[in-house]
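What follows is one structure encoded as structure tokens, with my remarks underneath.
The values are calculated or read from the model by the stated rules, or taken from the named source; none is laboratory data. A quick note: this is a predicted structure, and the numbers were derived from the prediction, not measured. Heads up, the Cβs are rebuilt from the backbone with ideal geometry, glycines too, and the neighbour counts pull from every protein chain shown. Protein only, heavy atoms only, side chains kept; ligands, DNA and RNA dropped before computing areas. Shrake-Rupley method; radii C 1.70, N 1.55, O 1.52, S 1.80 Å.
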Amino acid sequence: MDEKIQLQRLERILEISRELTSTVSLEPLLHKIVQVAAKLTGGEEASILLLNRAGDLRFQAASGDPAGQLRDIPVPVDDSIAGAVLLSGESAIISDTLSEPRHYKVVGQRIGLETYSLLAVPLQIKDRRIGVLEVINKQGGGQFSQEDVETLTTLAAQAAVAIENARLVGDLRRAYEQLGELDKLKSDFIAIASHELRTPLSLILLYAAMIREQIGDAEGQQLDAVLRAAMRLRHIIETMLNLRYLETGQMELVLERFDLRAEVRDACEEYEAIAGSSGLVLAADLPGKEVNILADREKVRVVLDNLISNAVKFTPSGGQVQISLACQSDSVEIAVADTGIGIPLEELNYIFDRFYQVEDHMTRRHGGMGLGLSIVKGVVELHGGRVSVESVPDRGSRFMVLLPLSVSGEQAAMSAVGQQAVS
Ligand code: ADP
């Protein structure tokens, strides 16, 4: 072959290679491949046929058929040249198609195009043959050559890669959609279950508290245990609901101005008894003057509760938990530091993910659902703040929350919705 022509062939093939790596849309690429195939081999038309589930070959792309009319015509595998190439895996050059008994004439008759000569090569992905690339009617009435076979084989390999890529992308997309559906199912389940649990639990808490007031201290201890367990359950349900509101973007901020020190003191008070019974010292280091903040008080409390309960939970007896507030010009930093078991460096990036827990489920010594920190992060970010953590295994951890002193722009708009929702 003339060197110039050979170079031109190589350039076209390279061009397709480049497109192959940069595009995932199959149709235009296959269309280009058939056009280049016809051009480089000097054929009148070229086409790609793929084996379908029913066991027929079907046109996937054809140079003379951009509207895809050929697609509806099945080509039988056991009664066509394309089928023979598919079954044998060998390319075929037919110089006189009209006298070839295997030639399937139906297609030509349907579209009014007679086939005189034909070259077909198999399309193969690894050891699986998936279809055929063919060109028909060598221009000038000549025969397809061995070089044409090589060119077509190279193009067939490219088409096969494109088809495989598209299939993989399709599989991935379907898997992704399924995952989305499962996630929604889980989310709906959490919402329904939490709502349904909330009502009977409120009744249990209400009546248990009433009975507790009526009976003496001796019997009261057992009822206290019931009350504590019911409150733990309520905390779990609130956590699940908070998670869902965050996930679905339905969490609304109800802003009010309050002294953050008071909220920290209340939270510490709540955990003092647990800390004391676990042999821990729980202390707060608060500024002398008010720390006025415009934020959602209840949700800030959720943040404090989660961080303090984690610090208490993950610190062995004899340790310390310290909560401090440090004011900056337009923000305040809440730090919850402990002298507990700490978190390995490689885990620090994951602990804010939902359901993530450093300890293995089978060998866990501490309770919890792995949701607290993801809620902390979500709530803080909704306020326009940031959460960070420093930790040294066996030495302790320090969680830091930076909150703006007043929520701005977007969050304020959201809070207006929140106010309406409660008014
Ligand atoms: P939970 O405490 O319910 O397991 P969280 O989302 O609050 O879930 O925390 C996720 C994980 O991060 C915990 O399971 C624990 O492994 C780790 N962790 C959180 N806080 C601390 C802490 N103060 N000290 C050590 N590890 C912690």
### Test: V302 is within 30 Å of F189 (Cβ to Cβ) and in contact with a helix residue (DSSP H, G or I) (Cβ under 8 Å, 6 or more places away or on another chain)
yes
### Message
Within the stretch 153-170, does at least one residue satisfy the condition of being basic (K, R) and over 16 Å from S47 (Cα atoms)?
### Response
yes
### Message
For the stretch 258-269, check the following and say yes or no: at least one residue is within 16 Å of the ligand (Cβ to nearest atom) and in the same structural domain as K377 (by TED's automatic domain parsing).
### Response
yes
### Message
Pairs needed: first member in the stretch 311-325, more than 9 Å from V281 (Cα to Cα); second member anywhere, within 12 Å of the ligand (Cβ to nearest atom) and assigned to a helix (DSSP H, G or I); C-beta distance under 7 Å; at least 6 residues apart or different chains.
### Response
I323/I308
### Task
Filter the stretch 74-97 down to residues that are closer than 20 Å to Q139 by Cβ, open to solvent by 30 Å² or more (accessible area, probe 1.4 Å) and under 49 Å from the mean Cα position of the chain (by Cα), then give me how many there are.
2
### Task
Could you tell me whether any residue of the stretch 212-234 is in contact with a strand residue (DSSP E or B) (Cβ under 8 Å, 6 or more places away or on another chain), surrounded by 11 or more Cβ atoms within 10 Å (Cβ to Cβ) and modelled with pLDDT of 85 or more?
no
### Query
E346 fails exactly one of the following numbered conditions: (1) of a type in the set (D, E); (2) closer than 21 Å to E269 by Cα; (3) more than 9 Å from the ligand (Cβ to nearest atom). What is the number of that condition?
(2)
### Message
Only one of N242, N292 is farther than 25 Å from D330 by Cα, touching a residue at least 12 places away in the same chain (Cβ under 8 Å) and among the polar types (S, T, N, Q). Can you tell me which?
### Response
N242
### Task
Just give me the residues in the stretch 296-306 being more than 8 Å from the ligand (Cβ to nearest atom) and either part of a helix (DSSP H, G or I) or touching a strand residue (DSSP E or B) at 6+ places or on another chain (Cβ under 7 Å) (or both), in sequence order.
R297, E298, K299, V300, R301, V302, V303, L304, D305
### Message
Which of the numbered conditions does G372 fail, given that it passes all the others? Conditions: (1) modelled with pLDDT under 95; (2) open to solvent by less than 40 Å² (accessible area, probe 1.4 Å); (3) out of contact with any helix residue (DSSP H, G or I) (no Cβ under 8 Å at 6 or more places or on another chain).
### Response
(3)
### Query
Which is modelled with pLDDT of 90 or more and within 16 Å of the ligand (Cβ to nearest atom), of S202, S278?
S278
### Message
For the stretch 98-128, which positions are open to solvent by less than 20 Å² (accessible area, probe 1.4 Å) and among the hydroxyl-bearing types (S, T, Y)?
### Response
T115, S117
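Yes/no matrix, rows are residues, columns are (1) under 23 Å from the mean Cα position of the chain (by Cα); (2) assigned to a helix (DSSP H, G or I); (3) within 18 Å of I375 (Cβ to Cβ):
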site	(1), (2), (3)
Y176	yes, yes, no
A193	no, yes, yes
T199	no, yes, no
A218	no, yes, no
L223	no, yes, no
L253	no, no, yes
### Message
For a quick check of your reading of the model, give me the residue pairs whose first member lies in the stretch 334-363 and is assigned to a loop (DSSP other than H, G, I, E, B), whose second is more than 8 Å from the ligand (Cβ to nearest atom) and acidic (D, E), with beta-carbon atoms closer than 7 Å and at least 6 apart or on different chains.
### Response
I341/D394; G342/D394
### Query
Within the stretch 37-53, which residues are surrounded by 14 or more Cβ atoms within 10 Å (Cβ to Cβ) and either without any contact (Cβ under 8 Å) to a residue 60 or more places away in the chain or over 38 Å from the mean Cα position of the chain (by Cα) (or both)?
A37, A38, K39, L40, T41, G42, G43, E44, E45, A46
### Query
Of all residues in the stretch 129-154, which are part of a helix (DSSP H, G or I), open to solvent by less than 30 Å² (accessible area, probe 1.4 Å) and out of contact with any Lys or Arg (no Cβ under 9 Å at 6 or more places or on another chain)?
V149, L152
#### Entry: Filtered residues of the stretch 15-53 (kept if within 29 Å of L172 (Cα to Cα), aliphatic (A, V, I, L, M) and at pLDDT 90 or above)
V34, I48, L49, L50, L51
### Task
Just give me the residues in the stretch 165-206 being within 30 Å of S17 (Cα to Cα) and either open to solvent by less than 40 Å² (accessible area, probe 1.4 Å) or in contact (Cβ under 8 Å) with a residue 60 or more places away in the chain (or both), in sequence order.
N165, A166, V169, G170
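So that you can scan it fast, the table gives a plain yes or no per residue for (1) within 11 Å of the ligand (Cβ to nearest atom); (2) open to solvent by 30 Å² or more (accessible area, probe 1.4 Å); (3) assigned by TED's automatic domain parsing to the domain that holds G378:
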| site | (1), (2), (3) |
| --- | --- |
| L294 | no, yes, yes |
| I308 | yes, no, yes |
| K313 | yes, yes, yes |
| Q320 | no, yes, yes |
| A326 | no, yes, yes |
| D330 | no, yes, yes |
| A335 | no, no, yes |
